[in-house]
Structure formats: C-alpha cells, structure tokens
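J.: Could you have a look at this structure, given as structure tokens, before my questions?
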Amino acid sequence: MKPIDNLSVLVTGGGSGIGEGIAQLYIEGGAKVTICGRRQKKIDAVATRLGKRCLAVQADITNEKDRREAVEAAVKHGGKLDVLISNAGNMVRGEIDTLKEDPLVDIFKTNVIAGMLLTGLCKPHLAKQGGAIIFIGSIHTRRAFPGASAYAATKGALETLTRVLAAELGEHNIRVNCVVPGAILTEIYERAGLLSAAESAERLHSMASSHALGRIGTNTEVAEAVDYLARSEWTTGAILDVDGGLGLGLTRDTVTSTD
Ligand SMILES: NC(=O)c1ccc[n+]([C@@H]2O[C@H](COP(=O)([O-])OP(=O)(O)OC[C@H]3O[C@@H](n4cnc5c(N)ncnc54)[C@H](OP(=O)(O)O)[C@@H]3O)[C@@H](O)[C@H]2O)c1
C-alpha cells in the first residue's frame with residue numbers, strides 16, 4: 001500500500017455526503033485534498049472544517065473550463081496529483097414513459113461523461129505518480145429499483161468504464177477501480193427534489209433488515225474502501241461492493257433443518 005500522508009487527492013462532489021467523508025479520511029491521514037462542487041457555501045464549509053490541507057474549488061464538472069480549473073488547482077495545491085475520486089453524482093427517478101430527454105442527458109453528463117473527461121485531464125498527472133482513479137458506482141446495479149432506470153444505467157456505465165479504462169491505462173501505470181456503495185444517508189434524494197431530509201432518513205433506515213449486517217452504512221465506511229483501492233498497488237479493474245450485504249438479495253424466508 002502506498003503511504004497516505006504524501007498523497008494529493010481530488011474529490012469531486014466533496015461538499016457533502018460520501019465525498020465529504022472521503023475528503024475527511026484523507027485529511028486525517030495527512031494528505032492534501034482538493035474538493036469541488038457547484039455550491040460554494042457547501043465546499044467552503046467542508047474546507048474550513050477540515051483545515052488548510054483541504055482546498056475548495058467551485059466547479060461544475062459538466063463544464064469544461066471548470067473541469068480544467070479544478071484539475072489545475074488540485075495539481076497546484078498538492079504539488080502533483082495521485083488520486084482522482086470521481087464521486088459527484090445526481091439522481092433522477094421516474095418510470096420509463098415519464099422520462100424526458102433533458103434530465104436524462106444531464107444525468108449522463110454528470111454521472112458518466114464528466115468523470116470520463118476528468119479522467120482524460122488527470123491522466124498525464126496521474127501517470128507521473130503511478131496514480132489511481134476511483135469511480136463511485138451504486139447498489140442500483142445489484143438490486144433493481146423500479147423507477148430508477150436512468151440512475152442505474154449511469155452506474156452500470158461506470159462499472160464498464162472501470163474495466164475498460166483499467167485495461168487502457170495500466171500501461172501508463174494508472175489503476176482504475178470502482179466502489180459500489182449500498183444505502184448511505186446523504187442529501188442526494190433531497191437535492192434531487194425527491195424526499196425531505198426526514199423522509200430520506202426514514203426510507204433508508206427502513207431498508208436495514210434487507211442488509212445481511214442489519215443496518216445502513218456510513219460515509220466513513222465507503223471512504224475506507226475507496227482508500228484501499230486508491231493505495232493498493234496491484235489492484236485494478238476491481239468493482240468492490242461496500243453495502244453491508246444489501247446487494248446479496250437477502251431473503252429471510254428460510255427453512256432450517258432440525259436434523
Ligand atoms: N447515498 C447513497 O446511498 C449512495 C449509494 C450509492 C452510490 N452513491 C453515489 O455516491 C456519490 C455521492 O453521493 P452522495 O450520496 O454522497 O450524495 P450528495 O451528498 O448529494 O453528494 C453529491 C455531491 O455531488 C455534487 N455534484 C453534483 N453535481 C455536480 C456537478 N455537476 N459538479 C460538481 N459537483 C456536483 C453535489 O454538490 P453540488 O450540488 O453543490 O454541486 C454534492 O455535494 C454519487 O455518485 C452517488 O450516486 C450514493
């Protein structure tokens with residue numbers, strides 16, 4: 001494993017939720033971290049809380065100029081770039097006959113295309129360090145949620161990208177991996193206008209019994225898996241489920257032998 005304290009890490013969507021948890025893990029480990037997001041207040045609050053080794057850069061990753069500025073800022077802040085964590089993501093819900101073209105294009109731009117273009121921008125910097133890219137997938141590729149086809153399709157694309165880019169970038173000494181989180185209480189449903197904070201909490205906790213481990217996860221637990229893939233030097237093309245067993249499709253209707 002590479003040491004953590006010398007790393008320069010760029011986390012997209014680091015102003016909340018899982019991205020904030022990842023930024024915190026790297027700051028606590030002594031690394032330099034650049035976070036980006038569209039809402040200045042959110043990223044500033046995280047950077048202020050985490051201290052000077054965390055730089056906040058306002059950037060919309062669907063915008064080319066913003067992507068370039070975020071990568072340049074991360075390279076300057078860290079003196080190099082070791083890890084891109086492509087975490088920023090949005091959610092769209094709706095049955096197939098209700099989905100409109102613009103929101104579909106938008107979610108593919110944010111969840112898939114922006115991460116691909118950022119990967120291209122980061123490639124020369126990561127190649128110099130033997131660096132790593134981590135995509136954040138989703139339980140939606142393991143469990144089929146009716147009405148979530150758009151979101152699930154973007155996450156399926158990330159798993160495919162992980163394998164193809166791992167093959168493509170290996171010769172540049174860049175590793176590409178994907179973490180597939182289960183249910184984590186964040187503001188993603190609220191931002192999508194789907195549920196209030198209280199409704200999100202109720203919905204996620206109601207899924208606890210579907211987990212082999214009986215509970216939903218935390219941002220920190222996802223961050224730990226991200227960090228393993230970022231620093232483990234012989235792992236590439238891996239898709240790591242971090243979901244408390246939600247993806248197993250646990251069925252509690254068991255018949256136990258008394259023999
Ligand atoms: N929560 C879960 O249960 C769960 C499970 C599996 C996977 N995930 C994935 O985990 C990742 C993080 O989500 P989260 O749950 O932590 O939700 P979150 O708290 O809403 O975080 C998503 C972050 O992405 C940022 N973002 C969205 N669009 C962006 C854009 N165009 N440019 C820059 N930043 C952008 C948002 O900030 P701004 O709005 O300020 O830009 C926000 O801070 C996502 O990829 C999500 O799909 C979540």
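Each reported figure results from applying straightforward, stated rules to the coordinates on display, with no laboratory input. Source: prediction; values computed, not measured. Cβ placement follows ideal geometry from the backbone for every residue including glycine, while neighbour counts extend to all protein chains displayed.
J.: Provide a single number: the residues in segment 25-45 that are more than 14 Å from the ligand (Cβ to nearest atom), out of contact with any Phe, Trp or Tyr (no Cβ under 9 Å at 6 or more places or on another chain), outside any loop (DSSP other than H, G, I, E, B) and free of Cβ contacts under 8 Å to residues at least 60 places away in the same chain.
T.: Total meeting the criteria: 2.
J.: Here's another thing I want to ask about it. Keeping to segment 53-108, report how many residues are in contact (Cβ under 8 Å) with a residue 12 or more places away in the chain, among the basic types (Lys, Arg) and within 16 Å of the ligand (Cβ to nearest atom).
T.: So the answer is 3.
J.: Can residue 215 be described as closer than 18 Å to residue 9 by Cβ, touching a residue at least 24 places away in the same chain (Cβ under 8 Å) and either among the aromatic types (Phe, Trp, Tyr) or more than 10 Å from the ligand (Cβ to nearest atom) (or both)?
T.: No.
J.: On to the next question. With assigned to a loop (DSSP other than H, G, I, E, B), buried (at least 20 other Cβ atoms within 10 Å of the Cβ) and of a type outside the set (Phe, Trp, Tyr) as the only criterion, which of 14, 21 stands out?
T.: 14
J.: Can you list residue pairs whose Cβ atoms sit under 7 Å apart, with the first residue in segment 181-194 being within 17 Å of residue 22 (Cβ to Cβ) and the second being hydroxyl-bearing (Ser, Thr, Tyr) and within 6 Å of the ligand (Cβ to nearest atom)? Count only pairs 6 or more apart in sequence or on different chains.
T.: That search, which allows pairs on different chains as well, returns 181/138; 186/16; 187/16.
J.: Something else now. Considering (1) surrounded by fewer than 21 Cβ atoms within 10 Å (Cβ to Cβ); (2) in contact (Cβ under 8 Å) with a residue 40 or more places away in the chain; (3) of a type outside the set (Lys, Arg), say which one residue 126 fails and leave the rest.
T.: With respect to (1) surrounded by fewer than 21 Cβ atoms within 10 Å (Cβ to Cβ); (2) in contact (Cβ under 8 Å) with a residue 40 or more places away in the chain; (3) of a type outside the set (Lys, Arg), residue 126 is out only on (1).
J.: Sort out for me the helices (runs of 4 or more DSSP H) sitting completely within segment 81-179 that have 3 or more residues that are closer than 20 Å to residue 22 by Cα.
T.: Working: elements: 101-108, 114-129, 149-169.
The helices (runs of 4 or more DSSP H) meeting that bar are 114-129, 149-169.
J.: Would you confirm, using the coordinates I've provided, whether residue 152 is touching a Ser or Thr at 6+ places or on another chain (Cβ under 9 Å), more than 24 Å from residue 96 (Cα to Cα) and more than 10 Å from the ligand (Cβ to nearest atom)? Before the answer, list the steps.
T.: Details: touching a Ser or Thr at 6+ places or on another chain (Cβ under 9 Å): yes; more than 24 Å from residue 96 (Cα to Cα): no; more than 10 Å from the ligand (Cβ to nearest atom): yes.
When the stated conditions are applied, residue 152 does not pass them.
J.: Quick one: what pairs do we get from segment 145-169, first residue exposed (fewer than 15 other Cβ atoms within 10 Å of the Cβ), second of a type in the set (Gly, Ala, Ser) and assigned to a helix (DSSP H, G or I), C-beta under 9 Å, 6+ apart or different chains?
T.: Here the result reads 145/152, each pair linking segment 145-169 to a residue that is of a type in the set (Gly, Ala, Ser) and assigned to a helix (DSSP H, G or I).
J.: Of the conditions (1) surrounded by fewer than 23 Cβ atoms within 10 Å (Cβ to Cβ); (2) within 12 Å of the ligand (Cβ to nearest atom), residue 1 fails just one. Which one is it?
T.: Against the list (1) surrounded by fewer than 23 Cβ atoms within 10 Å (Cβ to Cβ); (2) within 12 Å of the ligand (Cβ to nearest atom), residue 1 comes up short only on (2).
J.: Moving on to the next point. Any residue at all in segment 184-195 that is more than 10 Å from the ligand (Cβ to nearest atom), touching a helix residue (DSSP H, G or I) at 6+ places or on another chain (Cβ under 7 Å) and either part of a loop (DSSP other than H, G, I, E, B) or not basic (Lys, Arg) (or both)?
T.: Yes, because at least one residue in segment 184-195 is more than 10 Å from the ligand (Cβ to nearest atom), touching a helix residue (DSSP H, G or I) at 6+ places or on another chain (Cβ under 7 Å) and either part of a loop (DSSP other than H, G, I, E, B) or not basic (Lys, Arg) (or both).
J.: Can you name the residue in segment 241-259 that is more than 24 Å from residue 187 (Cβ to Cβ) and either within 12 Å of the ligand (Cβ to nearest atom) or touching a residue at least 12 places away in the same chain (Cβ under 8 Å) (or both) and is also nearest to the chain's Cα centre (by Cα) among such residues?
T.: The qualifying residue nearest to the chain's Cα centre (by Cα) is 245.
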